[in-house]
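The values are calculated or read from the model by the stated rules, or taken from the named source; none is laboratory data. Small disclaimer: the values here were computed from a predicted structure and weren't measured. All Cβ positions, glycine included, derive from the backbone under ideal geometry; neighbour counts span all protein chains shown. For accessibility, only protein heavy atoms count, side chains too; no ligands or nucleic acids. Shrake-Rupley method; radii C 1.70, N 1.55, O 1.52, S 1.80 Å.
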Amino acid sequence: MHEMSIALSIVETVVSKALEEGNGRISSIDLLIGKLAGIEPQSLKFCFSAAAKGTSAEEALLFIDEPEGLGECGDCGKRFPVSFYYAECPECRSLRVNIVSGKEFLIQSMTIEEEGE
Amino acid sequence: MCDTCGCSTDSGAVLRKPGMTDYHIHVGATGHGDTDHHHEGDHNHTHEHDHTHKGKIRTIALEQDVLQKNNLLAERNRGYFEARNILALNFLSSPGSGKTSFLEKIIPLLHQQVPVSVIEGDQQTTNDADRIHALGVPVIQINTGSGCHLDALMVNSAMKALELQDNSLLCIENVGNLVCPAMFDLGEALKVVIISVTEGDDKPLKYPTMFHEADLCILNKIDLLPYVDFDVRTCRENAMRVNHHLEWFEVSAKTGEGLGVWQEWIENKLRQR
Ligand SMILES: Nc1nc2c(ncn2[C@@H]2O[C@H](COP(=O)(O)OP(=O)(O)OP(=O)(O)O)[C@@H](O)[C@H]2O)c(=O)[nH]1
Ligand SMILES: [Mg+2]
Ligand SMILES: [Zn+2]
Ligand SMILES: [Zn+2]
Ligand SMILES: [Zn+2]
Ligand SMILES: [Zn+2]
């Protein structure tokens, strides 16, 4: 299950960033996961809670943005929504379609909660 | 827990060598240099939390690829291969499509002209490494344990342990799995996906990420075509729909049919470097 190793690498990244920033508790993490990225958000959330156990990200909430797939025809240049890697240009029927959006897989930001004085 | 040395690394991968029972190296975490990069465009939205915060909340921008650590290390591997003129191939397939059988057939055809070495990835056993070892070429086994794919760190450790030669060919056999190995760059020059005629000609549509990422596709077990309902043309068309740059080969690792065409192709690649 690759979501587990991905959850672990997210935890590793945010925990070390939080440490750099003065070691607060991580309260939320913003992720950008394109619809074509091959990641199942539900499964990732499930793995995340296991992967974050005992770390400063333990209680972090995951917010996931899922940009839709967007293809661009390599022949006529038309842009159109796609839900798979394979698509046909609705304009000229070409199969030479390049994916221009939907593959994103980023940790955008996180919030840390510093202990009140 | 590791059953060989009793250590408590549950998830870590282990390197092993055929015929050397004492050889057992854990792939450790290495230091990594995080480089910051930024993307254009601002992304602003607020989250409604319904609990009250005791402390001060601070937002920290990261804009970092989730797989950045792997990608950076993969680029280091790639730089190492390029500097030493090593052609690295990453072989990917479902379990049992014939990755090891293919290597067993092509290595004897090639290793007179170019030094070949092999990295084998499996969750358990050194069976595949033993099969390659029998051909007399350097091989190392990575046992990923519960891991379902190789990553750049495992390959980095394995290639150091292998003492690769300059101007050589490195074949990396990934864990049998058509899903996540596609996401983890190892630093290879080319990804080779193998499918066999017993798997169904819609495989490329069912696992599009893998076929999208691959550079070439090898259809194996064509000796079985008379016995199965598999339409080669349909499969090829499906693969091309997912990836119109894909190079296509048809072989039997059993009878040797089609291997000559592939051999010519790889020899050409080796000359072009
Ligand atoms: N008929 C036929 N059988 C083949 C061919 N290639 C491989 N096989 C058989 O398929 C089975 C699996 O082959 P392997 O080479 O072990 O497959 P693999 O992809 O390395 O498997 P994993 O490493 O377990 O993922 C073996 O029983 C092989 O003998 C072929 O071209 N034709
Ligand atoms: Mg094998
Ligand atoms: Zn997986
Ligand atoms: Zn078009
Ligand atoms: Zn051990
Ligand atoms: Zn995996």
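Taking the stretch A:1-39, which residues are more than 13 Å from ligand 6 (Cβ to nearest atom), closer than 22 Å to residue B:71 by Cβ and either at the interface with another protein chain (Cβ under 7 Å from one of its Cβ atoms) or touching a helix residue (DSSP H, G or I) at 6+ places or on another chain (Cβ under 9 Å) (or both)?
Passing the criteria: A:10, A:11, A:12, A:13, A:17, A:29, A:31, A:33, A:36, A:37.
Is it true that residue B:121 is within 16 Å of ligand 6 (Cβ to nearest atom) and without any contact (Cβ under 8 Å) to a residue 60 or more places away in the chain?
The answer is yes for residue B:121.
Return the residues of the stretch B:124-142 that are within 16 Å of ligand 6 (Cβ to nearest atom), surrounded by 15 or more Cβ atoms within 10 Å (Cβ to Cβ) and in a loop (DSSP other than H, G, I, E, B); say none if nothing qualifies.
Within the stretch B:124-142, none qualify.
State all residues of the stretch B:176-200 that are without any contact (Cβ under 8 Å) to a residue 60 or more places away in the chain and within 14 Å of chain A (Cβ to nearest Cβ); if no residue qualifies, say none.
Correct list: B:179, B:180.
Kindly indicate the residue of the stretch A:57-74 that is more than 11 Å from chain B (Cβ to nearest Cβ) and charged (D, E, K, R) and also nearest to residue A:101 (Cα to Cα) among those meeting that condition.
Among residues in the stretch A:57-74 that are more than 11 Å from chain B (Cβ to nearest Cβ) and charged (D, E, K, R), the one nearest to residue A:101 (Cα to Cα) is A:68.
Report whether or not residue B:230 is outside any loop (DSSP other than H, G, I, E, B) and of a type in the set (Phe, Trp, Tyr).
When the stated conditions are applied, residue B:230 does not pass them.
State which residue pairs qualify: first residue farther than 14 Å from residue A:17 by Cβ and at the interface with chain A (Cβ under 7 Å from one of its Cβ atoms) and inside the stretch B:55-66, second residue open to solvent by less than 80 Å² (accessible area, probe 1.4 Å) and not in a strand (DSSP E or B) in any location, beta carbons under 6 Å apart, and separation of 6 or more residues or different chains.
What qualifies is B:55/A:116.
Looking only at the stretch B:162-177, decide whether some residue is open to solvent by less than 10 Å² (accessible area, probe 1.4 Å), within 16 Å of ligand 2 (Cβ to nearest atom), part of a strand (DSSP E or B) and more than 12 Å from residue B:90 (Cα to Cα).
Checked against the condition, which is being open to solvent by less than 10 Å² (accessible area, probe 1.4 Å), within 16 Å of ligand 2 (Cβ to nearest atom), part of a strand (DSSP E or B) and more than 12 Å from residue B:90 (Cα to Cα), the stretch B:162-177 yields no hits at all.
Against the definition (exposed (fewer than 15 other Cβ atoms within 10 Å of the Cβ) and either within 20 Å of residue B:212 (Cα to Cα) or not assigned by TED's automatic domain parsing to the domain that holds residue A:30 (or both)), how does residue A:76 come out, yes or no?
Yes: the conditions hold for residue A:76.
Suppose the filter is surrounded by fewer than 15 Cβ atoms within 10 Å (Cβ to Cβ), facing another protein chain (nearest Cβ under 9 Å) and modelled with pLDDT under 95; does residue A:88 pass it?
Answer is no for this residue.
Any residue at all in the stretch B:143-161 that's closer than 24 Å to residue B:257 by Cα and either away from ligand 4 (no atom under 16 Å from the Cβ) or part of a loop (DSSP other than H, G, I, E, B) (or both)?
No, the stretch B:143-161 contains no residue that is closer than 24 Å to residue B:257 by Cα and either away from ligand 4 (no atom under 16 Å from the Cβ) or part of a loop (DSSP other than H, G, I, E, B) (or both).
If you take the residues in the stretch A:97-112 that are of a type in the set (A, V, I, L, M, F, W, C) and under 23 Å from residue B:241 (Cα atoms), which one is most open to solvent (accessible area, probe 1.4 Å)?
A:100
Within the stretch A:84-100, take every residue that is among the aliphatic types (A, V, I, L, M) and part of a loop (DSSP other than H, G, I, E, B) and give me the one that is nearest to residue A:73 (Cα to Cα).
For the stretch A:84-100, the residue satisfying everything is A:95.
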